[in-house]
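Please read the structure below before turning to the comments.
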Amino acid sequence: MAQLLSPFTFHLSPAYRLPPTAYNEFVVTRFGTFAFDPAQRRLLQGRTVVALSPKAFDLLELLLTAAPAVVSKPRIVERLWPNTYVGEGSLYNVVSELRRALGGEGAVRTSPRFGYSLAIPLQRPRADAFYRLRYAAGTFVLGPGENLLGRSDDATVVIDGAGISRIHARVVVDGQTATIEDLGSKNGTFVAGKRVGGPTPLADGDSIHLGDTMLSIEYCCRSATTRTAGS
């Protein structure tokens, strides 16, 4: 099978890109049944996009960044309405919208006379072990759970190339294991030269072909000497 039959574009927002020796721990932030994708400015619940106004999205981003700490009202107002005076009712309306989107009052905790915090626990990937896709154009971390590959903007990793279906395949990362599954693509998904259908285990260094496009997957572990004290 040819290594690469035609040029293609493999892209994500810079938020997804890794510096040469670093691991971006927060590719997509998952909390409860939700996945927060800052690169594409969307909130997902499963495969459903949850509608949020720009202000509610920015509030959620701020609460996720600070979680589990409480964010003060002045800090929130400055983030959502920089250099603008707004009444407290405006902030309350945005908080109410976010609560509705996340399932109810209990999703965002009120700290009386101070501010707000996210009440849904975050699911963070391990900083010392992760999977990533590699290609000459860049290296892309796969988050825990489902990672969709394809041409569509709805994919987690957007690959615009010959032979790539809109939603071509998915890679599911579960702790130290990862599987890939073809999603009915026209040109197929291959691992180490073998066409796959149902979930197929991936190993460090496996070559993956999506149609005519080749990638590789790596399982990365930091050595004990690179871990921070107490980890």
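The values are calculated or read from the model by the stated rules, or taken from the named source; none is laboratory data. Keep in mind the model is a prediction, meaning the values are calculated, not measured. Because the Cβ atoms are built from the backbone with ideal geometry, glycine has one as well, and the counts that use them run over all protein chains shown. Keep in mind that these areas ignore ligands, DNA and RNA; they rest on the heavy atoms of the full protein, side chains included. Shrake-Rupley method; radii C 1.70, N 1.55, O 1.52, S 1.80 Å.
Determine the sum of side-chain charges near GLY46: Lys and Arg each +1, Asp and Glu each -1, restricted to other residues whose C-beta is under 14 angstrom from that of GLY46.
+1
Local charge sum around LEU98 (other residues, Cβ-Cβ under 13 Å, Lys/Arg +1, Asp/Glu -1)?
It works out to a net charge of 0.
Using only protein heavy atoms and a 1.4 Å probe, report how much of GLU181 is accessible, in Å² to the nearest 10.
Surface open to solvent at GLU181 totals about 40 Å².
Assuming R0 = 45 Å, can you tell me the calculated FRET efficiency for the pair ALA203 and ARG113, based on Cβ-Cβ distance, to the nearest 0.05?
After rounding to 0.05, the efficiency reads 0.25.
Just report the Cα centroid separation between the range 63-125 and the range 128-202, whole Å.
35 Å
Could you sort the peptides 43-52, 169-178 by per-residue average Cβ neighbour count (10 Å cutoff), highest mean leading?
169-178, 43-52
How big is the equivalent ellipsoid of the range 76-190 along its three axes, where each semi-axis is √(5λ) from the Cα gyration tensor, reported in whole Å from largest to smallest?
Those come to 39, 18, 14 Å.
Under 21 Å Cα-Cα from LYS55, which lysines qualify once same-chain neighbours fewer than 8 residues away are excluded?
Here the lysines satisfying the reach criterion relative to LYS55 are LYS73.
What do you get when you divide the Cα radius of gyration of the range 18-119 by 2.2 N^0.38 Å, with N the number of residues?
1.11
Provide the net charge surrounding ARG166, with neighbours chosen by a C-beta distance below 11 Å and charges set as Lys +1, Arg +1, Asp -1, Glu -1.
Combined, the nearby Lys, Arg, Asp and Glu give -1.
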